[in-house]
Amino acid sequence: MNASSSRWHAGAIRSRLGVPRAKGGRPDADGKESFLSRRRFARILLVAIALLTAGLLASPRIIQAYWGRRASNPVRRGVARARQLGCFSCHGNLGSTGIKDPGGENLEVPAWSGGMSMMYVESDADIHRFILEGSIPKVESGEAVATPGGEPPKAAVAMPSFKSELSGSDLEDLTAAFKVLSGMVAPPSDTPEGRGLDRARTWGCFACHGPAGSGGLPNPGSFTGFIPGWHGADFQDMVRDRTEFDTWITKGSIPRLAANPVATHFMSRQRIKMPAYRNFAKADLDDLWAYSRWLDRTGGGIRKEAGPHP
Ligand code: HEC
Ligand code: HEC
């Protein structure tokens, strides 16, 4: 902005605001009355207004980016990355059903869930190898490569190598997502936490709260832009104690947030609301609570527990 245009702006602002031209200012270089301090003030005001407007326009995004990073966890990142990389094209949505393969060993690509994957993988290293190398075991045994004069590969669909597509924490995140979705790491079913997992599956909680309560699915209009998870930073903000946990589930909201005007503003605008499961019994809540504690102890269900649980 050059001097004359900024003078024009200052003048325009003054006349809009109805500010009279000051009398008796110091004469400046070109002899006119000097409004240097006012002009500078007007310019600062303009910049401030521009910055404020930009800040207000960008703030939901800034807030959401901040919260997104703060509440991030390996399972949440891994599931999102698996979508981007096309893993679910062959393994089914969230690894639920593999596509058919007339020549495949089991006539289909293995689903991640349902026990089939246990035939292939026992450790993190096995999962890494599949993701990095693809269908390497068959390649090693010569089954999947057409050798000159040999049999062509029977399977139509082969697991690709993703080595060149990965960066940062991708490999660990994908591994975490696979372990949770396949049930490779899950609480024993005869424990409260195991029953909590079953109940969460039965009632479809994960459809909103993400696999194993990893959170992060979109919620337009909400403060953070996504549905919270059941462990980590989101959970600690939203659930201070067992009473709040139970109240969230049975009432769909808690008094602490209902009393906060900023929270209620966003809670009324968010498109997806927590349903109120009014008829849940104490036993349901005990088990769901035990499961959320188990998630906390196992980093979201990706680590085996070190010792006997309390
Ligand atoms: C083009 C289809 C296809 C895509 C895309 C694909 N896979 Fe696979 N995947 C397979 C096939 C086929 C197998 C069975 C491999 C074999 O028998 O050698 C497999 C096996 C696996 C296994 C071994 C355990 C199991 O479920 O049997 C893992 C782990 C795996 N895939 C992870 C992934 C991940 C992670 C991605 C995305 C980064 C991915 N896959 C993308 C076809 C695919
Ligand atoms: C239709 C989507 C939906 C379903 C299904 C759902 N929730 Fe929620 N839940 C939400 C949303 C959205 C919030 C955040 C509410 C808010 O900010 O007002 C929430 C919040 C919560 C909270 C407190 C915040 C946190 O960090 O999780 C708990 C605990 C909770 N839900 C448990 C459950 C349980 C248990 C089930 C299954 C019985 C369940 N939810 C099913 C959408 C859902």
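For the stretch 217-246, how many residues are near ligand 2 (Cβ under 9 Å from one of its atoms), charged (D, E, K, R) and in contact (Cβ under 8 Å) with a residue 40 or more places away in the chain?
Residues meeting the conditions: 2.
Just wondering, is there one or more residues in the stretch 247-254 that are surrounded by fewer than 19 Cβ atoms within 10 Å (Cβ to Cβ), away from ligand 2 (no atom under 11 Å from the Cβ) and either part of a helix (DSSP H, G or I) or of a type in the set (A, V, I, L, M) (or both)?
No, the stretch 247-254 has no match at all.
Go through the residues of the stretch 256-273 one by one and say whether even a single one is assigned to a helix (DSSP H, G or I) and closer than 22 Å to residue 212 by Cα.
Within the stretch 256-273 (the criterion being assigned to a helix (DSSP H, G or I) and closer than 22 Å to residue 212 by Cα), the answer is no, since none of the residues qualifies.
What tally of residues in the stretch 57-102 results from selecting those that are of a type in the set (S, T, N, Q), touching a residue at least 40 places away in the same chain (Cβ under 8 Å) and part of a helix (DSSP H, G or I)?
Total meeting the criteria: 1.
Restricting attention to the stretch 275-299, and to residues there that are part of a loop (DSSP other than H, G, I, E, B) and free of Cβ contacts under 8 Å to residues at least 60 places away in the same chain, which single residue is nearest to ligand 2 (Cβ to nearest atom)?
Once the filter is applied, the top-ranked residue is 275.
Among the residues of the stretch 176-209, which ones are within 10 Å of ligand 2 (Cβ to nearest atom) and on the phi > 0 side of the Ramachandran plot?
Correct list: 204 only.
State yes or no: is residue 261 within 26 Å of residue 60 (Cβ to Cβ) and without any contact (Cβ under 8 Å) to a residue 12 or more places away in the chain?
yes
Specify which of the listed residues (229, 149, 216, 221) is outside any helix (DSSP H, G or I), more than 16 Å from ligand 1 (Cβ to nearest atom) and modelled with pLDDT of 95 or more.
On inspection, the qualifying residue turns out to be 229.
Conditions first: (1) out of contact with any Leu (no Cβ under 6 Å at 6 or more places or on another chain); (2) within 27 Å of residue 83 (Cβ to Cβ). Residue 210 passes all but one, so which condition is the exception?
Status for residue 210: all satisfied but (1).
Scan the stretch 254-310 for residues that are within 19 Å of residue 226 (Cβ to Cβ) and charged (D, E, K, R) and report the count.
Final tally of qualifying residues: 3.
The values are calculated or read from the model by the stated rules, or taken from the named source; none is laboratory data. Fair warning: this is a prediction, and the values are worked out from it, not measured in the lab. Here the Cβ is made from the backbone with ideal geometry for all residues, glycine too, and neighbour counts use every protein chain on show.
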